[in-house]
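Just so it is clear, none of the values below were taken in a lab; they were calculated from the coordinates. As the structure is a computational prediction, the values presented were derived from the model and not from experiment. Here the Cβ positions follow ideal geometry from the backbone for every residue, glycine too, while neighbour counts run over all protein chains shown.
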Amino acid sequence: MTEKESRKLSDEYEVADVLGKGGFSVVRRGLSKCPSAGERSHVAIKTLQRFGSTPPGLPRNRAGEKGLTSLGFPMWKQVSISDALLTNEILVMRKIVEDVSPHPNVIHLHDVYEDSNGVHLVLELCSGGELFDRIVAQDKYNEVDAAAVVRQIAEGLAALHKANIVHRDLKPENCLFQSTSEDSPLKIMDFGLSSVEEFTDPIVGLFGSIDYVSPEALSQGKISAASDMWSLGVILYILLSGYPPFHATSNRHKQQIILAGDFSFDDHSWKTISSSAKQLISSLLTVDPHRRPTAQQILQHPWVTGDSAKQDLMD
Ligand code: ADP
Ligand code: MG
């Protein structure tokens with residue numbers, strides 16, 4: 001797939017309302033102008049701004065509205081990072097198209113356009129909102145629903161990791177439901193910080209949100225597929241309790257407890273949670289990345305397959 005510089009985005013899509021905003025991007029709904037099967041298809045158009053152009057209403061010196069945290073970068077450098085993010089995201093999305101798509105749990109890229117405003121990624125539309133918003137709305141998840149979420153993220157990660165893609169910024173804000181229905185598929189998206197082992201340089205010094213970042217990323221800047229599994233452990237902990245495993249009043253203290261893998265199931269809310277769920281969280285939140293289960297292994301875990309719940313009913 002090449003950027004279609006000769007064809008204009010506006011020739012093929014009518015750009016409608018804003019669906020979301022990130023640090024360096026605006027995502028809008030788009031309607032195709034040339035219907036293929038009599039229906040005008042709806043898409044999401046993510047516009048990544050080029051150096052020098054700032055998304056309307058967004059300050060230039062922040063790395064993200066929701067959680068994108070840059071560690072060790074002075075604020076003034078962050079504008080020039082936007083170009084690196086842009087190039088990186090396109091490289092990773094192309095690799096996904098070649099080696100992963102179609103996958104029910106990974107966002108699909110339809111097309112890429114480029115003009116003076118930046119690069120437009122035409123993505124599959126997910127109108128069900130972020131996992132983040134469903135967690136906030138529900139307070140916390142029951143184990144069966146949480147297992148369905150974990151299973152889908154693990155399915156997506158297994159396919160990405162097989163293609164040597166590490167997401168590096170896995171969090172509930174970057175998982176979208178395809179539709180508003182309760183059993184909607186969940187999709188991993190936002191590959192701005194991702195790396196592809198063969199050909200992208202990880203964006204040095206830039207990590208995902210601190211709450212989800214692994215100890216090895218903090219201590220050595222070493223990020224691998226296992227780092228995504230740590231983030232999945234954090235997500236699962238939040239799904240079942242409604243609060244994050246590593247909470248502290250300062251970022252410095254938070255980093256310390258992440259590095260030590262210092263979390264607990266002490267709060268009363270964990271009393272009613274199955275030991276199988278806790279065992280899975282503990283294995284994902286293991287400080288040594290080599291001892292963490294892979295996405296493929298998680299998919300066989302009895303809590304994820306539903307076998308441990310059946311066992312509990314029989315006991
Ligand atoms: P950033 O890289 O700037 O964080 P994201 O890719 O996370 O940007 O997109 C920002 C927000 O836009 C998302 O959190 C989501 O709310 C919305 N969004 C992104 N992609 C889609 C999509 N394919 N369908 C619907 N909404 C989307
Ligand atoms: Mg995002």
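For the reader, a short list of remarks on this structure follows.
- Lys, Arg +1 and Asp, Glu -1 on Cβ, resulting dipole of the stretch 144-266 about Cα centre, debye, nearest 20: 200
- Volume of the Cα convex hull of the stretch 107-214, divided per residue and given in Å³: 140
- FRET efficiency for T294 and S32, using Cβ-Cβ distance with R0 set to 41 Å, rounded to 0.05: 0.60
- All other residues whose Cβ lies under 14 angstrom from that of L236 are scored, Lys and Arg at +1 and Asp and Glu at -1, for a net of +1.
- Phi-based couplings in Hz for the stretch 302-308 (Karplus 6.51, -1.76, 1.60; Gly and Pro marked x): x, 5, 6, 6, x, 5, 6
- Between R40 and D183, the modelled label-to-label distance comes to 3.2 nm, taking each label 7 Å out from Cα in the direction of the beta carbon.
- Net charge in the neighbourhood of I135 (other residues with Cβ under 12 Å of its Cβ; Lys, Arg +1, Asp, Glu -1) is -2.
- Inter-site label distance for V287 and D115 at 7 Å from Cα along Cβ, in nm: 5.3
- The ranking of Y13, Y141 from fewest to most other beta carbons within 10 Å of each one's beta carbon is Y141, Y13.
- On a per residue basis, the convex hull of the C-alpha atoms belonging to the stretch 198-299 measures out at 109 Å³.
- Dipole magnitude for the stretch 252-315: about 260 debye, using +1 per Lys or Arg Cβ and -1 per Asp or Glu Cβ, origin at the Cα centre.
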